[in-house]
1. Hey, does segment 52-68 have a residue that's modelled with pLDDT of 95 or more and basic (Lys, Arg)?
2. Please indicate, with yes or no, whether at least one residue in segment 66-73 is more than 22 Å from the chain's Cα centre (by Cα) and farther than 19 Å from Gly198 by Cα.
3. What single numbered condition from (1) within 17 Å of the chain's Cα centre (by Cα); (2) touching a residue at least 60 places away in the same chain (Cβ under 8 Å); (3) part of a helix (DSSP H, G or I) fails to hold for Leu137?
4. Show the residue pairs meeting these rules: Cβ distance below 9 Å; 6+ apart or different chains; first residue within segment 67-86 and closer than 13 Å to Ser119 by Cβ; second residue of a type in the set (D, E, K, R) and not in a loop (DSSP other than H, G, I, E, B).
5. Condition first: modelled with pLDDT of 95 or more and out of contact with any helix residue (DSSP H, G or I) (no Cβ under 7 Å at 6 or more places or on another chain). Now tell me which residues in segment 114-145 satisfy that.
6. Condition check: crowded, with 18+ Cβ neighbours inside 10 Å and either among the β-branched types (Val, Ile, Thr) or under 18 Å from the mean Cα position of the chain (by Cα) (or both). Does Leu12 satisfy that?
7. If we keep just the residues of segment 29-61 that are of a type in the set (A, V, I, L, M) and in contact with a helix residue (DSSP H, G or I) (Cβ under 7 Å, 6 or more places away or on another chain), which is surrounded by the fewest Cβ atoms within 10 Å (Cβ to Cβ)?
8. Just a yes or no: is a residue in segment 107-130 of a type in the set (Gly, Ala, Ser), within 13 Å of Trp51 (Cα to Cα) and surrounded by fewer than 16 Cβ atoms within 10 Å (Cβ to Cβ)?
Amino acid sequence: MSNLQSLLCCELDALQSKMYKCKTVHLRYSMLPEHRHFLLRQSILGIYAEWEGFLKKSVALYLQEINKERVPFSNLHDHYISYQTDNVAKFKSPKTDFGTITKLSRNLFDMYRGHVVFSTAVNTESNANLKVTNTILKKLCLKCLSSEYETPLNKLLKFRNSIAHGDEGIPVKQSDVDDFTLLVQDLATDLVLSVNEGFQDKVYLTHNIAL
C-alpha cells in the first residue's frame, strides 16, 4: 500500500465514523422531541460539510504526494501545468495594474524554472455538487464520478442550502439522513478509487498527454 493509499484509507475511516454519528447522535440520548428534531435537521449541515471537506482533503493529499516527487514542469501533463498556472495567475480575476502584472510574470517565470510545488488549496465554491467535483477531477485527469450521483447529491445540497438559510419549508426525516450518509460514503469511496488510480498510473506526467 502506497503512502497516499494509507492516508486516504485513514480519511475514509474517519468519514465513515462521522457519518455514523450524524445519523445516530439524536437517537442515542434522551431529550425533548424538539431538541431531537433540531439535531436531526442540523445533521444535514454536518453531512454536507464532511463531504466537501473530504473532497478537498483527498485532492490536497494527492497533490502533496506529487509535490514529493519534485517533477519539473517539462515533464508535466498539460492539464497540470494549466492547473498550477491558474492557481497562481487566477485568470477569473483579470489583472490590469502593470505592477501586479510584472510581479505575476516574475512569479510564473520562477515557477516554471523549478520543480512543481502544487498549491493544495481546492476551491469547491462552497458547492461541491457533481459538476464541481467532476470539473476538479477532469482538470487533474482523474476519473470522474458516476452521473448516477447527480440527483441525490443535488438533493443533499438543496436540503443543506435550505437549512443553512433558515428555511423551514423542507421537512427532514430520519430516512433522509440515512440516505445522505450512505450517499456520502459511496461518493467518498469512489473518489478514493479515482485518486489512487490516477496516482498509480501517473496521469500527471507527459506520457499521459493523450488523456
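1. The answer is yes; a qualifying residue exists.
2. no
3. (2)
4. Short answer, once both residue conditions are applied: Tyr80/Lys139; Tyr83/Lys139; Asp86/Lys139.
5. Lys131, Val132, Asn134, Thr135, Lys138
6. Numbers: crowded, with 18+ Cβ neighbours inside 10 Å: no; either among the β-branched types (Val, Ile, Thr) or under 18 Å from the mean Cα position of the chain (by Cα) (or both): yes.
The answer is no for Leu12.
7. First pass over segment 29-61, keeping only residues of a type in the set (A, V, I, L, M): 31-32, 39-40, 44-45, 47, 49, 55, 59-61.
Restricting the remaining residues to those that are in contact with a helix residue (DSSP H, G or I) (Cβ under 7 Å, 6 or more places away or on another chain) gives 39-40, 44-45, 47, 55, 59, 61.
Values: Leu39: 16, Leu40: 20, Ile44: 23, Leu45: 14, Ile47: 23, Leu55: 21, Val59: 23, Leu61: 19.
Selected residue: Leu45.
8. The initial filter retains those residues of segment 107-130 that are of a type in the set (Gly, Ala, Ser), namely 114, 119, 121, 126, 128.
With within 13 Å of Trp51 (Cα to Cα) added as a condition, the list becomes 126, 128.
With the extra rule that they be surrounded by fewer than 16 Cβ atoms within 10 Å (Cβ to Cβ), the set shrinks to 126.
Checked against the condition, which is being of a type in the set (Gly, Ala, Ser), within 13 Å of Trp51 (Cα to Cα) and surrounded by fewer than 16 Cβ atoms within 10 Å (Cβ to Cβ), segment 107-130 yields at least one hit.
The values are calculated or read from the model by the stated rules, or taken from the named source; none is laboratory data. Everything quoted here is computed from the prediction, not taken from an experiment. Using ideal geometry, Cβ is built from the backbone for each residue, glycine included, and neighbour counts are taken over all protein chains shown.
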